[in-house]
1. Can you sort SER85, SER250, SER64 by solvent-accessible area, 1.4 Å probe, largest first?
2. Mean shadow of the range 18-65, computed from the convex hull of its alpha carbons, in nm²?
3. If you count the DSSP beta bridges with both ends in the chain, what percent of them are antiparallel, to the nearest 5?
4. Direction-averaged shadow area of the convex hull around the Cα atoms of the range 51-147, nm²?
5. Using heavy-atom solvent-accessible surface (probe 1.4 Å) with all chains present, what is the largest-first order of THR218, THR55?
6. Could you give the dipole magnitude of the range 250-360 about its Cα centre, charging the beta-carbon of Lys and Arg +1 and that of Asp and Glu -1, in debye to the nearest 20?
7. At a Cα cut-off below 21 Å, give the lysines reachable from LYS162, other chains included and same-chain residues fewer than 8 away excluded.
8. Let me have the 222 nm mean residue ellipticity of the chain computed from DSSP H runs of 4+ only, each contributing -39500 (n - 2.57), with the sum over all residues rounded to the nearest 500.
Amino acid sequence: MTRRLLLVGAGHAHLEVLWQLKEEPINDVDICLISPSDYQYYSGMFSGFTEGIYTKEETRVNISKLAKETGVHFIKKMAKKILPSHHKLICMDGSVYPFDVISFDIGSKSLPEEFSETVARSIKPNYHFIDHIQEIRQTSQPLIVGGGAAGTELALSIQAYKEKHRLQGQVRLVTSETILPESPSWVSSKMKTLLLKKGIQVWENERVKEVGDHYIKTDFGNKVRHTGVLWLGGALADPIFQRSAVEVDSKGFAMVRSTLQFEEYDYIFGAGDCVTLSDYPELPKSGVYAVKQGPILFENLRNYMTAQPLIDYSPQKTAMYILSTGRKKGFLIYGPLVNHSHRAWKVKNKIDREFMDKYK
């Protein structure tokens, strides 16, 4: 009897699942991939696209094509809710898909609901990023909200684009914490110095309370003028899990065990930014961990469908980050080690291109 596996979302981990299915198909299992776009864009290359180094095609994977090559049915829809006990997924258009096993890799959101009707834009869902960035990088005073890795990297990339094309104006950055808040203070200080040296205006420890058409207002009462807002604050949970009455953490992310199974349901799996690991609740929402979860997720999906023992995912203790800072220089962070150089960017470029080439 054929069973059905639903893969919801095409994030880093699910791309790996699709790739492995080419080599090791699971017998007697009908597999469907549900995603709202034909393409999955790779956030690691967003800074390079913003600066003009990569083309649009180089930043994305044609997941409908990849699914077809893998023997997976591609369904271009957005999931809305799970009925866990009934083994059913409901999509935004009301269509219902039954499943025996389901896996989520839908990423996270970044734009808070209270600002969804303002001029603020986000890089999520990632298939809107290209249009948003092409528009905002041309303006005189683009404003980035968020001082984490994504916010600082894109601020620097927009500034580099403006310098390259001799466009007037400067990038502005407002963050509710310090720059790179999860890094040691001296790393944060070094990145802030770099931002200021590049001509980017920075407001630290100020939370955006109001977004107007031409300015934002912070909790300090400061008004910062802008010609476009790109919101890159912390990860926010997709509401699908709270709608579905599955166990979530205090922020609404689905709770999963180290086997990447949901806490209460063995037949529901999740990976990447959309979930929180029960054993590692403070693990950052970052693609560097989702990439490593991919092979574990594939093996556990296959083993669950074939009644074999599952294995545990254990995150690496120290993750390497390389942020593009413009003009093909990279800011490498590995624990206490920092290196800002052209060589660091070359390493990042090699890693990113190899990742994309694997799934093209």
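The values are calculated or read from the model by the stated rules, or taken from the named source; none is laboratory data. Note that this is a predicted model, so its numbers are computed, not measured. Because the Cβ atoms are built from the backbone with ideal geometry, glycine has one as well, and the counts that use them run over all protein chains shown. Only protein heavy atoms, including side chains, enter the accessible area calculation; ligands, DNA and RNA are left aside. Shrake-Rupley method; radii C 1.70, N 1.55, O 1.52, S 1.80 Å.
1. On the way: SER85 85, SER250 120, SER64 35 Å².
So, going from the largest accessible area down, we get SER250, SER85, SER64.
2. Its average projected convex-hull area is 4.3 nm².
3. 50 percent
4. 9.4 nm²
5. On the way: THR218 5, THR55 75 Å².
Reading off the accessible areas and sorting them downward yields THR55, THR218.
6. Numbers: 16 positive and 11 negative charges, 218 e Å.
So the dipole magnitude of the range 250-360 works out to roughly 1040 debye.
7. List returned: LYS56, LYS192, LYS197, LYS198, LYS328, LYS329.
8. It comes out at -9000 deg cm²/dmol, rounded to the nearest 500.
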